[in-house]
Amino acid sequence: MTAEIKGFVEYLEKVKEASNNTVISYHRDLNQMASFLESKGITEVGKVTKTSLNSYILELEKEGKAAATISREMASIKAFFHYAFRQGMIRRDPSEFMKAPKVEKKAPVILTLDEVNALLEQPGGDSPKEKRDKAMLELLYATGIRVSELIGLKLEDLNLKVGYIVCRDRNKERMVPFGKHVKEALTDYLERARGELLKGGESPWLFTNCSGKPMSRQGFWKLIKYYGEKAGIKSDITPHTLRHSFAAHLVLSGADIRAVQAMLGHSDAATTQIYASYREKLVR
């Protein structure tokens, strides 16, 4: 089944031009499914049945996987077998009548302006690490970019003079502006901290760890948890919390939904529209 999954992944990349995160997610989900099926003696895509797929879903439930996780994995499975059917690899789509579990949509955690300010004030020391952290948090909140985009930024993606960054995803790219506070934090980091972190070495990445490599998602997640606790924020915040807060605060201040959509890189305005419902919640 490995060859068929590889072909599907290439289809997502070259034909559908799916995002890196989408491709990685589908690939991971399908490899996990294939591993389970192979443990049951099913190694050919044509031998997969509705029963064997349901067995896999039951296994995920036994492992305590969340409904949202199972729903996402089922979406990956259905997309793969629909592709295999259209390509003539199988005569019947075994996933056709699979039903995903009901997922209770939780409202995204959105910080108040006071909470955001408290968070951004936490890395206020003179150490190279705190100057880097300050610049990362300021940039993340001021632009609403994804954490994967933040840690993937290169020096060439930054225009400090004009005040914008370029976020790239395969053949797509968008320019996202930032203001005075971010420019000051970035300047301080680049002039007084980045060189010390690199210890005289070089790196194409804008934000690096002490080895000159880009920050990892896990590393930044721990960072934001640490500063959130220091700021006394009770909410369970993640790097995505600042993205949600950025969008909601823009909408609250009267920004046009289409403009916010463009900054966030959403392909559908309906995804951005959700933030409009938090006006009353944010006015505290």
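The values are calculated or read from the model by the stated rules, or taken from the named source; none is laboratory data. Computed from a predicted structure; not experimentally measured. Note that each Cβ is placed from the backbone with ideal geometry, even for glycine, and that neighbours are counted across all protein chains shown. Each accessible area value is taken on the protein alone, full model and side chains, heavy atoms only, with ligands, DNA and RNA left out. Shrake-Rupley method; radii C 1.70, N 1.55, O 1.52, S 1.80 Å.
Here GLY152 clears all of (1) in contact (Cβ under 8 Å) with a residue 40 or more places away in the chain; (2) touching a Ser or Thr at 6+ places or on another chain (Cβ under 8 Å); (3) not charged (D, E, K, R) except the condition numbered (2). Apart from one condition, THR69 fits all of (1) more than 30 Å from GLU202 (Cβ to Cβ); (2) surrounded by 21 or more Cβ atoms within 10 Å (Cβ to Cβ); (3) of a type in the set (Val, Ile, Thr); the exception is (2). Quick check: is even one residue across region 120-143 of a type in the set (A, V, I, L, M, F, W, C), surrounded by fewer than 19 Cβ atoms within 10 Å (Cβ to Cβ) and assigned to a helix (DSSP H, G or I)? Among the residues of region 120-143, not one is of a type in the set (A, V, I, L, M, F, W, C), surrounded by fewer than 19 Cβ atoms within 10 Å (Cβ to Cβ) and assigned to a helix (DSSP H, G or I), which makes the answer no. Consider region 202-215. How many of its residues are within 16 Å of the chain's Cα centre (by Cα) and over 20 Å from LEU158 (Cβ atoms)? The total comes to 0. Taking into account only those residues within region 207-228 that are of a type in the set (Ser, Thr, Tyr) and outside any helix (DSSP H, G or I), which is modelled with the highest pLDDT? Checked region 207-228; the qualifying residue modelled with the highest pLDDT is THR208.
The set of residues in region 176-199 being among the β-branched types (Val, Ile, Thr) and either within 25 Å of the chain's Cα centre (by Cα) or modelled with pLDDT under 90 (or both) consists of VAL176, VAL182. Each residue in region 199-213 was checked for being open to solvent by less than 70 Å² (accessible area, probe 1.4 Å) and either within 16 Å of LYS134 (Cα to Cα) or among the hydroxyl-bearing types (Ser, Thr, Tyr) (or both), and 5 of them qualify.
Filtered by the rule that a residue be in contact with a strand residue (DSSP E or B) (Cβ under 7 Å, 6 or more places away or on another chain) and part of a loop (DSSP other than H, G, I, E, B), region 161-206 gives GLY163, PHE178, PRO204, LEU206.
Scanning region 173-193 for residues that are more than 17 Å from GLU121 (Cβ to Cβ), touching a residue at least 12 places away in the same chain (Cβ under 8 Å) and open to solvent by 90 Å² or more (accessible area, probe 1.4 Å) yields one hit, ARG192. Among the criteria (1) over 23 Å from THR2 (Cβ atoms); (2) surrounded by fewer than 20 Cβ atoms within 10 Å (Cβ to Cβ), the one ILE110 does not fulfil is (2). Within region 156-168, take every residue that is open to solvent by less than 70 Å² (accessible area, probe 1.4 Å) and within 19 Å of SER216 (Cα to Cα) and give me the one that is modelled with the lowest pLDDT. Looking at residues that are open to solvent by less than 70 Å² (accessible area, probe 1.4 Å) and within 19 Å of SER216 (Cα to Cα), I get CYS167.
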